[in-house]
Amino acid sequence: MDIQNIINNIPKVELHCHIDGSIRPKTILELALTGGIDVPFFNIEEAKRYLQITGECNSLKDYLDKFHFPVRVMQKKINIYRIIMELIEDSKMDGIMYTELRLAPLQHLKGGLSPEEVVETVLEAMKDGKDKFGVVSVLILCSLRHEPVEKSIEVVKLARKYISKGVVAIDLAGNESDFPPEIHKKAFDLAYEYGINITVHAGETGICANILKSIIDLHATRIGHGVFAYKDDKTLVYLIDNHIPLEMCPTSNLQTKAISAYCEHPIRTYLKNGINVTLNTDNRTVSNITLTEEYMNLISKLDFSMEEILQLIRNGINSAFASKQFKTTMLEKFNTYVRELPEICKN
Ligand SMILES: [Zn+2]
């Protein structure tokens with residue numbers, strides 16, 4: 001068996017995957033054409049140019065432009081349901097046993113759905129996806145940085161309603177350069193008071209200070225990306241001492257120009273220095289990547305050993321917003337698979 005097959009088959013988890021950035025291009029095309037949605041593409045190759053990073057991408061803003069059409073097709077229950085089922089099927093093919101999917105619920109109300117209907121449709125598909133594909137998926141609700149804090153408070157209150165029904169956390173996503181974390185403090189204080197898990201996109205686009213602000217001011221216990229932690233020793237020490245997991249997504253970071261070359265990504269240094277690093281895709285369609293391919297990139301471009309790959313997977317399991325008991329079950333499944341690997345594959 002080749003290394004790609006082995007990594008594909010290792011039971012893995014994913015902690016950072018945006019639903020709207022991970023819809024099959026073929027599905028977006030079909031839903032747009034049959035739903036009368038005005039789109040500038042009429043075949044799959046044209047569609048991919050609007051949905052994926054195919055050539056030059058200059059910034060996070062360019063990257064975020066790829067979400068325009070996916071969000072437009074996610075305004076009906078039937079479409080949302082199909083998209084989630086397909087994403088769970090794709091996760092299954094990628095060897096994922098548990099995935100934390102995220103979306104910003106208030107972006108899906110243009111077709112007349114209520115925020116509750118959006119969340120309930122996703123949760124229904126997640127339940128059916130588990131029955132059909134055996135993959136456990138849970139939901140993280142995102143609030144958006146450019147929206148007023150009142151919208152974030154609405155998302156927090158929505159999360160609270162479904163916290164024992166499949167919603168596991170809230171997140172803050174979007175343009176980090178113009179909208180610092182403290183704008184949303186009131187909402188995240190409320191989430192903390194409610195006992196909701198918190199992860200925040202921070203240090204993705206050069207602003208290292210947002211990492212500690214997110215942890216201390218917004219109560220984040222995990223950080224989305226955290227690429228720029230290396231700019232400040234105090235931040236690095238804090239991450240190590242407090243075992244704060246980083247949800248890292250190197251291909252996405254390359255495309256948003258957070259790094260200028262894959263080999264410059266700090267993930268290796270962070271892992272060696274004892275930071276709790278996890279590996280994720282961010283957006284499967286926009287970045288045109290699977291989790292298996294992302295692990296393969298670490299091996300081929302950053303010379304990761306199999307031992308380091310296994311450590312990243314273990315970190316992911318331990319950092320999940322899941323019960324201790326369920327994490328133990330996942331670790332046992334992972335360990336059983338790894339024990340059976342030939343010795344040569346473990347180094
Ligand atoms: Zn993200």
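Observations on the model:
- Test for ILE140: is it closer than 26 Å to THR256 by Cα, of a type in the set (Val, Ile, Thr) and open to solvent by 30 Å² or more (accessible area, probe 1.4 Å): no
- Of all residues making up segment 220-230, the number that are away from the ligand (no atom under 16 Å from the Cβ) and either outside any helix (DSSP H, G or I) or on the phi > 0 side of the Ramachandran plot (or both): 1
- Single unsatisfied condition, ILE211 versus (1) within 16 Å of the ligand (Cβ to nearest atom); (2) open to solvent by 10 Å² or more (accessible area, probe 1.4 Å); (3) of a type in the set (A, V, I, L, M); (4) assigned to a helix (DSSP H, G or I): (2)
- Scan of segment 280-294 for residues that are away from the ligand (no atom under 13 Å from the Cβ) and open to solvent by less than 10 Å² (accessible area, probe 1.4 Å), ordered by number: LEU291, THR292, GLU294
- SER260 vs. criteria within 30 Å of LEU64 (Cβ to Cβ), hydroxyl-bearing (Ser, Thr, Tyr) and more than 21 Å from the chain's Cα centre (by Cα): yes
- For segment 236-265, the set of residues classified as buried (at least 22 other Cβ atoms within 10 Å of the Cβ) and away from the ligand (no atom under 16 Å from the Cβ) consists of LEU239, ILE244, listed by residue number.
- Just one residue in the set ASP233, ASP217 is more than 12 Å from the ligand (Cβ to nearest atom), farther than 22 Å from LEU158 by Cα, open to solvent by 20 Å² or more (accessible area, probe 1.4 Å) and charged (D, E, K, R); that residue is ASP233.
The values are calculated or read from the model by the stated rules, or taken from the named source; none is laboratory data. It should be emphasised that the depicted structure is a prediction, and the values quoted were computed from it without experimental measurement. Cβ: placed from backbone, ideal geometry, glycine included. Neighbour counts: every protein chain shown. Only protein heavy atoms, including side chains, enter the accessible area calculation; ligands, DNA and RNA are left aside. Shrake-Rupley method; radii C 1.70, N 1.55, O 1.52, S 1.80 Å.
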